[in-house]
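Please read the structure below before turning to the comments.
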Amino acid sequence: MIDLQPTDKTHDEGRQGEALILDSPLKRNGKKLYIESYGCQMNFADSEIVASILKDDGFETTADYKEADVVFINTCSIRENAEQRVRNRLSQFGAEKRRNPKLIVGVLGCMAERLKSKFLEEEKLVDVVVGPDAYRDLPQLLNQVEDGHKAINVLLSREETYADISPVRLNGNGITAFISIMRGCDNMCSFCVVPFTRGRERSRDPHSILAEAHDLVDKGYKEVTLLGQNVDSYKWKSADADEDAAIEVNFAQLLEKVALVSSDLRIRFSTSHPKDITNEVLYTIAKYDNICNYIHLPVQSGSSRVLELMNRTYTREWYINRIDAVRKIIPNCAISSDIIAGFCSETEEEHQETLSMMDYVGYDFAFTFSYSERPGTLAARKLPDDISPEIKKRRLSEILVKQQEWSLRRLQESVGKSVRILVEGVSKKSDKDYCGRSDQNAMVVFPATEKIKPGQYVNVIIERCTSATLLGRIAD
Ligand code: 5AD
Ligand code: SF4
């Protein structure tokens, strides 16, 4: 969880002027918005869209909820414990609301979409509930709340991509930023609630994506991460009356276009899907130095039977084939994964297949989870959640231990070498150190010097490492 800080520097003032003349009388001038985000990077990117929509309505953002007029919590439903965290936080906002009854509390994002009006019944302190496709309606919904009503909009859309909205970069370092390239997901993995909370997949117009990338470069940003639930199925088609003249852009082509915006701008992307990642994408990564050699390619399980139950639509062999292709086409590519322990009916042998897959790939990093049944998903309807919490916990810890070994081994491969990094800022642990990421997404920490400033690319000689961080000194 990250508290978002107010940074309005990157907002397009011109656009706000337009909105002022065209529609909004900025009736909320001077009002303060506090917004807190949970869950995936997409939620953090969405909060920046929300801040932009409300900025056009007169709001400023604040990092202190105690001085806010409106508190929004952008929520995640992916696992039960994510929802529990949000509920705990809401009870803290409840205490604040008892102190300041005028405070408006809103729930945005996936939990809003999943629970809909039930949220208003269950959590009496919540005034407004807004799903991920309804953020343009926020000013109007806030009007309803100010008139003394509860307000809700959880309509999902087949078109909304917020393409024309220039995000207010929150909590930013002015160096790295997210760009949403698509919304929703059509995959229907049986464990996953996302297709229900974020709706159908739709791709954003590439012109608006490129305009956003150019704008970021003009403002001094050095790295963008292209975001989508399944970036490999990005597909945009121009709405040409003449079918033959229509232009189509796939993910590989989009990646190339963004890479060409500036050779000084690093490109990352997330998340890739093993069934959809093409060799064309891999060759595009290999072709451009500024597309980072790093792919997040979630396996979920190493067993073909479990993958079928998960409705992942690939087998163990297919996944291995994709890994082999990555290794061949981009030899120095880092690979990370998401892994679920204890999915419905998973046997001990199938769990061992996950561990052996981890050894086959040697992931640089992995996000690991215990299976958590989510209401309404295919698995919740059809497959009993029959692995006991103790077994899930033990399998998860075996996965974790193996991943720590691999993470350490991968980082050790850089010790003694010179690694090029983009300096992001002061290290969390010591203000005498700077930190930044390598092309392969490894966090690198080194003593700060006068000459070096955040936003610069520098070479660092790696002297040692932990299982999470490379430590070194600036190369002469
Ligand atoms: N239980 C556990 N992990 C889940 N994920 C998604 N849904 C569930 C669930 N019900 C994990 C997957 C996915 C990541 C974002 O969260 O590994 O890739
Ligand atoms: Fe969920 Fe699967 Fe879509 Fe990822 S690809 S968001 S895991 S349904």
(request) Quick one: plug the Kirkwood hydrodynamic radius of region 418-474 (C-alpha pairs) into Stokes-Einstein at 37 °C, 0.692 mPa s, and report D in µm²/s. (result) 304 µm²/s
(request) Treat each spin label as a single point 7 Å out from the Cα along the C-beta direction, and report the Lys429 to Ala380 distance in nm. (result) 4.0 nm
(request) Between the alpha-carbon centers of region 186-248 and region 263-307, tell me the distance in whole angstrom. (result) 15 Å
(message) Please give the charge dipole size of region 374-415, origin at the Cα centre, charges +1 on K and R Cβ atoms and -1 on D and E Cβ atoms. Round to the nearest 20 debye.
(response) 160 debye
(request) Send over the semi-axes of region 162-269's equivalent ellipsoid, whole angstrom and largest first, taken as the square roots of 5 times the C-alpha gyration tensor eigenvalues. (result) 24, 20, 12
(request) Could you check how many percent of all C-alpha pairs in region 32-153 are farther apart than 16 Å? (result) 56 percent
(message) Is there a quick way to get the dipole size of the chain? I mean about its Cα centre, with the Cβ of Lys and Arg at +1 and of Asp and Glu at -1; what is the value in debye to the nearest 20?
(response) 1240 debye
(message) Would you work out the Kirkwood radius for the chain? I mean one over the mean of 1/r across all pairs of different Cα atoms, in Å.
(response) 23.7 Å
(request) Putting +1 on Lys and Arg Cβ atoms and -1 on Asp and Glu Cβ atoms, find which of Ile165, Ser388, Asn332 reaches farthest to the positive end of the dipole of the chain. (result) Ser388
(request) Express in Å², to the nearest 10, the accessible area of Cys40 obtained by rolling a 1.4 Å probe over the protein heavy atoms while all chains stay in place. (result) 60 Å²
(request) State the cysteines of the chain left without a partner when partners are defined as other cysteines whose beta carbon lies under 4.7 Å away. (result) Cys40, Cys76, Cys110, Cys185, Cys292, Cys333, Cys344, Cys435, Cys465
(message) With +1 assigned to the C-beta of every Lys and Arg and -1 to the C-beta of every Asp and Glu, and no other charges, what is the dipole magnitude of region 69-108 about the Cα centre in debye, to the nearest 20?
(response) 140 debye
(message) At 0.36 nm per residue, and after removing the present C-alpha to C-alpha distance, how many nm does the segment from Lys66 to Arg99 gain when stretched out fully?
(response) 10.9 nm
(request) Could you pull the accessible area for Asp359 with a 1.4 Å probe, rounded to 10 Å²? (result) 70 Å²
(message) Over the chain, with the other protein chains present, what is the accessible area per residue in square angstrom, probe 1.4 angstrom?
(response) 44 Å²
(message) How high is the relative contact order of the chain? Use alpha-carbon pairs under 8 Å, at least six apart in sequence, and give a whole percent.
(response) 10 percent
(request) Report the local net charge at Thr347: Lys and Arg +1, Asp and Glu -1, summed over other residues whose C-beta lies under 10 Å from its C-beta. (result) -4
(request) Could you work out how far apart the two model spin labels at Leu400 and Lys219 are, taking each label as a point 7 Å from the Cα in the direction of the beta carbon, and quote it in nm? (result) 3.7 nm
(request) Rounded, prolate or oblate: pick one for region 322-470, where a ≥ b ≥ c are the square roots of the eigenvalues of its C-alpha gyration tensor, a/c under 1.5 means rounded, and failing that, prolate if a/b is larger than b/c, else oblate. (result) prolate
(request) Assuming R0 = 35 Å, can you tell me the calculated FRET efficiency for the pair Glu463 and Asn250, based on Cβ-Cβ distance, to the nearest 0.05? (result) 0.25
(request) Sort region 234-385 into rounded, prolate or oblate with this rule: let a ≥ b ≥ c be the square roots of the eigenvalues of the Cα gyration tensor; rounded if a/c is under 1.5, and if a/c is not under 1.5, prolate when a/b is larger than b/c, oblate otherwise. (result) oblate
(message) Could you give the length gained by full extension between Gln41 and Glu390, i.e. 0.36 nm per residue of separation minus their alpha carbon distance, to one decimal place?
(response) 122.6 nm
(message) Expected output is a single nm value to one decimal: the length gained when fully extending between Gln92 and Ile329, i.e. 0.36 nm times separation in residues minus the C-alpha distance. What is it?
(response) 80.3 nm
(message) Taking the Cα centroid of region 73-120 and of region 425-455, what is the distance between the two, rounded to the nearest whole Å?
(response) 35 Å
(request) For Asn143 paired with Arg473, estimate the spin-label separation in nm (one decimal), with each label point 7 Å from Cα along the Cα-to-Cβ line. (result) 6.4 nm
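The values are calculated or read from the model by the stated rules, or taken from the named source; none is laboratory data. Every value quoted in this text rests on a predicted model; they were computed, and no experiment measured them. Because the Cβ atoms are built from the backbone with ideal geometry, glycine has one as well, and the counts that use them run over all protein chains shown. The accessibility values were calculated without ligands, DNA or RNA, using every heavy atom of the protein model including side chains. Shrake-Rupley method; radii C 1.70, N 1.55, O 1.52, S 1.80 Å.
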